[in-house]
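The values are calculated or read from the model by the stated rules, or taken from the named source; none is laboratory data. These numbers were taken from a predicted model, which means no experiment stands behind them. All Cβ positions, even for glycine, are placed from backbone atoms using ideal geometry, and neighbour counts span all protein chains on display.
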Amino acid sequence: MGDVVEYETHGAIAVIALNNPPVNALGVAVRQGIHDAILRATSDPTVKAVVLTGRGRCFCGGADIREFGKPRQGPSLSDVINMIEACEIPVVAAIHGTAVGGGCELPLGCHYRVGDSSAKFGLPEIKLGLLPGAGGTQRLPRLIGVAPALDIMLSGEYVGAMRAREMGFLDQVTEGDLVRGALEYTNELIAEDKGPRRTRDMKLDDSGAEKVLAAARAKAARRSRGLVAPQRCIEAIEHALKIPVEEGMQLERKYFDELVQSDQSKAQRHLFFAERLAHKIPDVPADTPVREIRTAAVIGCGTMGRGIAMSLAYGNVPVTVLDMNAEALEKGLAGINRTYAGSVSRGSLSESEMEERRGLISGTTEYSDIAKADIVIEAVFEEMDLKKKIFATIGEVCKPGAILATNTSSLDVNEIAAATDRPDDVIGTHFFSPANVMKLMENVRGEKTAPDVIATVMKLSKDINKVGVMVGVCDGFVGNRMLYAYKSQAEFLLEEGALPHQVDKVIYDFGFPMGPFAMGDLAGLDVGYLVRQHRRKTKPSNDRESIVADRIVEMDRHGQKNGKGWYLYEEGSRKPIPDPEIEQLILQVSEQLGIVRREIGDQEILERCMYPLINEGAKILAEGIALRPSDIDLVWIFGYGFPVGKGGPMFHADHVGTDKVYDTMKVLYDKHGEMLRPAPLLEELAKSGRSFADLQS
């Protein structure tokens, strides 16, 4: 049996404890250990019940996903759970910390479940492009009902102990020592002669289920467009309503096996490991001390400042928002209140949570009020002189050891840091709009940023529920530098023969939430215009640049904010409507540039937008701006809406083949010139038969 599963008896109760640090993952040795321990308990006539628990920090973190796609070794998790459920003596799960994935399906096979206040459970397989594969889709609806089971499985989020008790997942929430409480509970079951209570035998309430399933399908189609796993999960739960449990489990396993071999699941599993790898920074050891973040300040109460403040409040960090304009400050704080109120009305935030978070946010117009903050995040407009002036001030005002962060999306962090006499305290924290919603934090280290500042900001990212990625300094960093390559090609395609709605449709069909022109209208074309004006001060004058975008802004078309940009927008609607005036402008520009327009197919549009994006990523890797290909994938998945099921641009390049990407870039280079020259790293990978995955570290 081995040490990964422990066995001991307490009177008439056998205690089986998982002991496989760090999260008691259900690898083959653990599964075999549970199997053998259950057999030992049920073979002992003196044992009247079993308590199944976990040692260490949690009950069980689920399957060992490194086994996915490899030949199976028995016993399977399904076999183990079915064995537990079939026991003729009661089996009680005692849960602390997390019980997720297979670690949640395991107690579903037990007859009773108790937990302490730290217990939380969930079935997050959907985030790996999978569904529960050991009976979860059949047992959970029987235990807590179809609607809550769908919510848990399709969101992949965790449920805490008290909510689990209300749902009926937990039979009891214990205080104090969990195992002692579980033993007391189990002794009561023995005294009352309560035998096994099998989840599979529970009657499934099907009242209103069809309507619930239809709503879940519609929601999944909107939020998980193109992903197969959510639809398969809904189908599996529907089977639980209509066919015997054994047949339902067979179909669930069939779906699981199909999904685990799918490109989508491989992409999502890549992202799962990428998030963990992003926190490994070679010159910042894992044991680097971090600075304590007890209070924070944000400078600027515009859209970004408000969102950053709300993100910090989510992480339970008190934050003071400074804006020198009292009217702007008042307007910004009112905007925070409206956003919270909207969340409450939609049911995504409770009244008490709103009050708690709102209570953590205060405003000021005085720098002296942020002097004691542990981190100050500047979030004003992208204007270098303004940012340098602010950093000169906070460098003097803020206490020693305070982290001074800039939310710049493209400006030189080293130049900003040089405005202070403490550049080692300065770092970039590039949030994405809306900052309270978007998951990415592109953290930018300067030449002199201290290791403990890097470690602290990466930890802060996690604490406020963001995906933190550390990058280096260059124009646009990782995300926006690649975005320039992508958007510029989209605009050149307009000059050569395409139209905005054609390009946007191709990109949407690829899996992005919207194409580059609809995205520009959403972000505000005037913002991009000002950024371009700044970049032209340092860009080579012979770089090709489309003039269409500038012309549109100069026509006073700013996008959705004033109802006209690349598209027209009816009042109160975000639906883009192609505008003949813009089409005429594009034709005029083509004629002015002497370009003979031609028919451009969808495949050319896709390759012309995506492959230069990948090519720029290869340059970024070679320059050391990104540490690894998967970091680039995270930036584009969580910051720019790259389709999750394709794993990010560098993962997608490997799927297509680096040789195919290189060959296409070479053709584009021969046709369009220097701007599309294949990156040396891409050429090297293609010619050596390697992939970007070979560069992972």
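A few notes on this one:
The rows are residues; the columns are (1) at pLDDT 95 or above; (2) under 14 Å from Leu178 (Cβ atoms); (3) in contact with an Asp or Glu (Cβ under 7 Å, 6 or more places away or on another chain).
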| site | (1), (2), (3) |
| --- | --- |
| Gly62 | no, no, no |
| Ile84 | yes, no, no |
| Gly103 | yes, no, no |
| Pro107 | yes, yes, no |
| Pro141 | yes, no, no |
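- The residues on offer are Ser697, Ser630, and the sole one that is touching a residue at least 24 places away in the same chain (Cβ under 8 Å) and part of a helix (DSSP H, G or I) is Ser630.
- Index of the failed condition, Arg72 passing every other in (1) over 19 Å from Val5 (Cα atoms); (2) more than 30 Å from the chain's Cα centre (by Cα): (2)
- Positions within region 374-389 being closer than 15 Å to His430 by Cβ and surrounded by 18 or more Cβ atoms within 10 Å (Cβ to Cβ), in sequence order: Ile375, Ile377, Glu378, Ala379, Val380, Lys387
- Filter result for the condition that a residue is charged (D, E, K, R) and over 23 Å from Val245 (Cβ atoms), over Asp171, Asp177, Asp201: Asp177
- Selection status of Glu599, among the acidic types (Asp, Glu) and either within 19 Å of Ser691 (Cα to Cα) or assigned to a helix (DSSP H, G or I) (or both): no
- Residues that are of a type in the set (Val, Ile, Thr) and in a loop (DSSP other than H, G, I, E, B), drawn from region 64-111: Ile89
- Residue within region 238-250 that is part of a loop (DSSP other than H, G, I, E, B), over 19 Å from Phe169 (Cβ atoms), in contact (Cβ under 8 Å) with a residue 24 or more places away in the chain and assigned by TED's automatic domain parsing to the domain that holds Thr53 present: no
- Close contacts from region 168-179, counting a first residue that is touching a residue at least 12 places away in the same chain (Cβ under 8 Å) and assigned by TED's automatic domain parsing to the domain that holds Val92 and a second that is in a loop (DSSP other than H, G, I, E, B) and buried (at least 17 other Cβ atoms within 10 Å of the Cβ), with Cβ to Cβ under 6 Å and a gap of 6+ residues or different chains, come to Thr174/Asp116; Leu178/His96; Leu178/Asp116.
- Considering region 601-629, and only residues there that are under 25 Å from His501 (Cα atoms) and among the aliphatic types (A, V, I, L, M), the residue that is surrounded by the fewest Cβ atoms within 10 Å (Cβ to Cβ) turns out to be Leu606.
- Candidate set: region 654-696, residues that are more than 30 Å from Glu545 (Cβ to Cβ) and of a type in the set (Lys, Arg); chosen: the one surrounded by the most Cβ atoms within 10 Å (Cβ to Cβ): Arg690
- Test for Ile632: is it within 21 Å of Met458 (Cα to Cα) and surrounded by 24 or more Cβ atoms within 10 Å (Cβ to Cβ): yes
- Some residue of region 311-322 being at pLDDT below 95 and under 20 Å from Ser409 (Cα atoms): no
- Flag for Leu227 being in contact with a Lys or Arg (Cβ under 8 Å, 6 or more places away or on another chain) and crowded, with 20+ Cβ neighbours inside 10 Å: no
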